[in-house]
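**Student:** Right, I'll just put the structure down here and ask away after.
The values are calculated or read from the model by the stated rules, or taken from the named source; none is laboratory data. What you are looking at is a predicted structure, and each value in this text was computed from that prediction instead of being measured. Cβ placement follows ideal geometry from the backbone for every residue including glycine, while neighbour counts extend to all protein chains displayed. To get the accessible areas, we keep the full protein, side chains included, count just its heavy atoms, and leave off ligands, DNA and RNA. Shrake-Rupley method; radii C 1.70, N 1.55, O 1.52, S 1.80 Å.
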Amino acid sequence: MKIKLPIYLDNSATTKIDPRVLAKMLPYLTDDFGNPASRSHSFGWTAEAAVENARQQVADTVGCDSKEIIWTSGATESINLALKGAAEFYQEKGKHLITVKTEHKATLDTMRELERIGFEVTYLSPETNGLIDIAKFAAAIRPDTIIASVMFVNNEIGVIQDISAIGQLCREKGIIFHVDAAQAIGKVDFSLSDLNVDLMSFSAHKAYGPKGIGALYVRRKPRVRLLPLIHGGGHERGFRSGTLPAHQIVGMGEAFAIAKAEMALELPKLKYLQNKLLTGLQAIPEIYVNGDLEHRVPQNLNVSFNFVEGESLMMAIKDIAVSSGSACTSASLEPSYVLRAIGRNDELAHSSIRFSIGRFNTEEEIDYTIKLLQEKVAKLRELSPLWEMFQDGIDVENFQWDSHDTQRDVILH
Amino acid sequence: MSYSNKVIDHYENPRNVGALDKNDPHVGTGMVGAPSCGDVMKLQIKVGDNGVIEDAKFKTYGCGSAIASSSLVTEWLKGKSLDEAKTIKNSQIADELELPPVKIHCSVLAEDAIKAAIADYQAKHGK
Ligand SMILES: Cc1ncc(COP(=O)(O)O)c(C=O)c1O
């Protein structure tokens, strides 16, 4: 089979919509275009029935009651609503929140905003494997802690946090617990009925559904209260006003239903491809896997290639679509804050590649990727003075580099 | 990041990659930059008894523009006297490779590498 290039290995950024999902959505863009809030005719009733069916599909996938699901525009909005909505409601009880340095920006920036308006936030450092030490989490709890927010699966390094243990601790202490589960659907087998989680954020486009739609789980027993962010017609029981995009919602419901139904088959396949990729890359010397390998989703592999520079590596592997921890590929100058938070130095953070495997990847594509990386890393190392120094037994990291001023020179004799 | 065709050509087919014996009295070695800044260039020149650069080699850790800048200067250096080599300016490198503003530092580093290699050679000869 001929491989189509570039190969998409960036399924943590977003996924291709599953054709089965698209097929379910299309009628709601054409004949069944009604507003789910229209109560006076069949166009509205049809759309409303589809929305409620999708709500049930999402609830069944995550193990909650359909009344606990609120539609939003995506995980970013869900996280904003959860954190700002709960912080405002419970601010009489306390002003302190806890989160982790490796959270998605949707959480970190929302926390910054809460700090700006007078809340206090503790940003926990994870261990070098990316996981939270429960004892350190417990130690961060204060009498005035009202909310904790921890992601289920990290988007960069794929590690899975122990949501069960953290949730239990939060429940004992009466702390509202929010979980960003954007990367968990179809990858982690969980049910909200087994977890002490009060709020959970979801996104459709990370699970083969459409972009622009997400949901927030809001626990009813014990009841969690929120103040809304978006005011208007009182949709979604007042939590989130705005006409519901029935086609998007239908897509999210179907995507989640497929994720649940096929997870038992899909996870072993992803695991097989992940293992294959890992073994192939481990044939290259001086590579470092970022994040714990055991407590990790099978779709993610994040690897740093020592002694090659990130941007030139990305340039060399244009045939595969991946993400890099290198600053050069994004608007910011800092390399990945997630890799920094787990203690990687700048060079290793810059030369990291996140491979995220998905439903539509094939074994041939993984073989191609392995071969490409083996060749290109070898080629770039041939070019690399750091690799030469390493081979000569020089300690590159502790070498006296003239790092501030490129006008002055370091001369090797 | 979009690169000029010249950068891509040097990146894909780098000229004069390699190393010269740094203990050879005819060889001058310059190494500039730092890994934490994202670029390290090692440039070596071999100077004949007549003061003309006979050979030049490089190794670069850095982005495509850094690799191209160092590859280009190894081509330019060959056949030049040391005094001529010292006149190579980063702006010439940047112009030739059509470097965007965010990549000008790569050409600066290449100019620094030339100066460092010459300084090393001259130090060996007591100048
Ligand atoms: C862990 C995590 N949280 C939140 C988001 C934001 O999701 P959305 O694109 O649905 O707003 C993402 C996706 O970028 C993510 O990976």
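**Student:** If you filter region A:149-238 for trypsin sites (Lys or Arg not before Pro), then keep DSSP loop positions with at most 15 other Cβ within 10 Å, what is left? Could you put the intermediate results ahead of the total?
**Tutor:** On the way: sites: A:R171, A:K173, A:K187, A:K206, A:K211, A:R219, A:R220, A:R223, A:R225, A:R237; in loops: A:K187, A:K206, A:K211, A:R219, A:R220, A:R223, A:R225.
Sparse-neighbourhood loop trypsin sites (Lys or Arg not before Pro): A:R220, A:R223, A:R225.
**Student:** Looking only at A:N300, A:N290, A:N80, which one moves most when chain A is put into a Gaussian network model with springs between Cα atoms under 10 Å?
**Tutor:** Most flexible of the set in this elastic network: A:N80.
**Student:** Taking a cut-off of 45 Å, what percent of all Cα-Cα pairs in the protein assembly as shown are separated by more than that?
**Tutor:** Values: 41321 of 145530 pairs.
So the portion of pairs separated by more than 45 Å is 28 percent.
**Student:** Next question. With everything on Cα atoms, drop me the angle between helix A:246-282 and the longest principal axis of chain A, reported from 0 to 90° to the nearest 10.
**Tutor:** Helix A:246-282 and the main axis of chain A meet at about 20 degrees.
**Student:** Still on this structure, I have one more. May I ask you to rank A:T30, A:T128 by accessible area, largest first, using a 1.4 Å probe over the protein chains only? It would help to have the intermediate numbers written out before the result.
**Tutor:** Working: A:T30 85, A:T128 110 Å².
Greatest to least solvent exposure: A:T128, A:T30.
**Student:** Using only the alpha-carbon atoms, how far is helix A:42-62 inclined from the longest principal axis of chain A? Give it as 0 to 90 degrees, nearest 10.
**Tutor:** Compared with the principal axis, the helix lies near 50 degrees.
**Student:** For chain A, what does the relative contact order come out to in percent, with C-alpha contacts under 8 Å and a separation of six or more?
**Tutor:** Working: 775 pairs, mean separation 86.0, N = 413.
In percent, rounded to a whole number, it is 21.
**Student:** Summarise the long-distance tail of P(r) for region B:5-125 by giving the % of C-alpha pairs beyond 19 Å.
**Tutor:** Details: 2812 of 7260 pairs.
That fraction is 39 percent.
**Student:** Still on this structure, please answer the following. Which whole-number value in Å² is the accessible area per residue of region B:5-125, probe 1.4 Å? Before the final figure, lay out the partial values.
**Tutor:** Values: 4430 Å² over 121 residues.
Using a 1.4 Å probe on heavy atoms only, each residue of region B:5-125 averages 37 Å².
**Student:** Relative contact order, percent, of region B:5-125 when contacts are C-alpha pairs under 8 Å separated by at least 6 residues? Provide the component values of the computation, followed by the final result.
**Tutor:** Working: 234 pairs, mean separation 37.4, N = 121.
Over region B:5-125, the number comes to 31 percent.
**Student:** Further, regarding this structure: Between A:A207, A:A165, A:A139, which gets the highest mean-square fluctuation from a Gaussian network model of chain A, Cα cutoff 10 Å?
**Tutor:** A:A139
**Student:** May I ask you to list the GluC sites (Glu not before Pro) in region A:75-137 that are in a DSSP loop and have at most 16 other Cβ atoms within 10 Å of their Cβ?
**Tutor:** Numbers: sites: A:E77, A:E88, A:E92, A:E103, A:E113, A:E115, A:E120, A:E127; in loops: A:E92, A:E103, A:E127.
Loop-located and lightly packed - A:E92, A:E127.
**Student:** Okay, moving on. Give the interface area between chains A and B as buried accessible surface, both sides summed, probe 1.4 Å, in Å² to the nearest 100. Please list the in-between numbers first.
**Tutor:** On the way: alone 18960 and 6360 Å², together 22400 Å².
Buried: approximately 2900 Å² between B and A.
**Student:** If you line up the long axis of helix A:363-382 against the longest principal axis of chain A, both from Cα atoms, how many degrees apart are they, to the nearest 10?
**Tutor:** The answer is roughly 40 degrees.
**Student:** While we're looking at this one, here's another question. Using only helices, what value at 222 nm comes out for the protein assembly as shown when you add -39,500 (n - 2.57) per DSSP H run of length 4 or more and divide by the total residues, to the nearest 500 deg cm²/dmol? Write out the running numbers ahead of the final one.
**Tutor:** Details: 17 runs with 211 residues, N = 540.
Here the helix-only value at 222 nm equals -12000 deg cm²/dmol.
**Student:** Here is a follow-up. Taking all protein chains in place and a 1.4 Å probe, what share, in percent, of the accessible surface of chain B do carbon and sulfur account for? Mind dumping the intermediate values first?
**Tutor:** Numbers: 2390 of 4960 Å².
Within chain B, the accessible surface is 48 percent carbon and sulfur.
**Student:** Mind checking the mean number of beta-carbon atoms from other chains within 10 Å of the Cβ atoms in A:385-392? It would help to have the intermediate numbers written out before the result.
**Tutor:** Numbers: counts 14, 6, 2, 5, 6, 0, 0, 0.
Across the residues of A:385-392, the mean count of other-chain Cβ atoms within 10 Å is 4.
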